[in-house]
Amino acid sequence: MLVMDAHCDVLYKMWLNPGISFYDTDSGLDVTYENLEKSKIVFQTFAVWVPDKVPVGQRFEAAIKQIDDFYEKVIQNGQKVFLVTSGEQLSECSPTRIGALLSLEGADALQGDLRFLRTFYRLGVRQMGLTWNHANEAADGIKEERGGGLTRFGRQVIEEMSRLGMVLDVSHLSVKGFWEVMEHPDLPVIASHSNSRAICPHVRNLEDEQIKALIQKNGLIGLTYVPYFVHFPHTEARIDHLIKHIEHICELGGENHLIFGSDFDGIHDKIAQLENAGQLNNLIDALLMRYPETLVRKWAWDNGYQFYSKHLASQNVKKTEAK
Ligand SMILES: [Zn+2]
């Protein structure tokens, strides 16, 4: 069964540790070429994440360095992993030639400048979240106590993303920001790595109303394996608990909107038996014991395939000229 994964932090880890290799089995990375190949994860989103501790004026540069690693150390000559920027390319993904989507986790790297958004787009970035957990020039993150929504710049960012034809990721965004984004008439939206708050009451998880809104908007919800977002106490999180989130999201009508969003290489604690991308079969097998294969196939591949085929259209700048 082919699989898609909506979030990993390999690029951040490689930026921290320049010596490690995506193609080295013993690199210590959760997501390596070998692990993806083993689990038939043939489409993987690679997030660029610039932590808050990087001073504002150096965030663009930090993101550029991670993107350089993406090209130099992951894509290389494109024979084993290739950059996906349009929907048509999804059908080219295979266990030996893996498609890679480049995304920005937070608009911090834009440094308040729309020109940098366009630059990232031209470098192949097709998806972006407005924030990580904290506030930046675009919006408040979910852990910002004042709970603000989008700034004026944030509204310009989503308009420009819509014009360019990018996907917006609402994981990490404040609740107010989430609802403001959902008001946008045609921006494709994904929560790339968030679970259900009704099942595990963590602030990073989605409330039922948010899940329903994502379903209504034809968006995606990426089930994540972060133990803290799966079960309380997190030390006891198991694959069974992850399935409770699937069950609940399906009860809300999300059967055609669920995908996987591991957050591998962004987490230290792991769910037993699901500790790296090479162990994904343990989740697939557990799902196949409970659900018909057609359903599991939807979550593993079909739902994401439909979404990205449609929204990573073969356009470039689709509407008006840049302002
Ligand atoms: Zn994250």
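The values are calculated or read from the model by the stated rules, or taken from the named source; none is laboratory data. Quick caveat: nothing in here was measured; it's all calculated off a predicted structure. Ideal geometry is used to build each Cβ from the backbone, glycine not excepted, and the neighbour counts take in all protein chains shown.
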Which one of these is of a type outside the set (Phe, Trp, Tyr) and modelled with pLDDT under 95: SER309, SER314, SER262? SER314
Tell me, which residue of the stretch 242-276 that is in contact (Cβ under 8 Å) with a residue 60 or more places away in the chain and more than 16 Å from the ligand (Cβ to nearest atom) is surrounded by the fewest Cβ atoms within 10 Å (Cβ to Cβ)? GLU275
For the stretch 1-98, which strands (runs of 3 or more DSSP E) that fit wholly inside it have 3 or more residues that are within 16 Å of the ligand (Cβ to nearest atom) and within 20 Å of the chain's Cα centre (by Cα)? 3-8, 41-48
When residues of the stretch 174-203 are filtered for being touching a His at 6+ places or on another chain (Cβ under 7 Å) and within 14 Å of the ligand (Cβ to nearest atom), how many remain? 3
Look through TYR305, TYR291 and report the one residue that is without any contact (Cβ under 8 Å) to a residue 40 or more places away in the chain and either within 30 Å of LEU187 (Cα to Cα) or not β-branched (Val, Ile, Thr) (or both). TYR291
Taking GLU207, is it more than 13 Å from ALA191 (Cα to Cα) and surrounded by fewer than 15 Cβ atoms within 10 Å (Cβ to Cβ)? no
Are any residues in the stretch 136-160 out of contact with any helix residue (DSSP H, G or I) (no Cβ under 7 Å at 6 or more places or on another chain) and either in a strand (DSSP E or B) or farther than 23 Å from ASN205 by Cα (or both), and if so, which ones? GLY141, ARG152, PHE153, ARG155, GLU159
Please go through (1) touching a Ser or Thr at 6+ places or on another chain (Cβ under 9 Å); (2) in a strand (DSSP E or B); (3) within 16 Å of the ligand (Cβ to nearest atom) for ASP108 and return the number of the only condition it doesn't satisfy. (2)
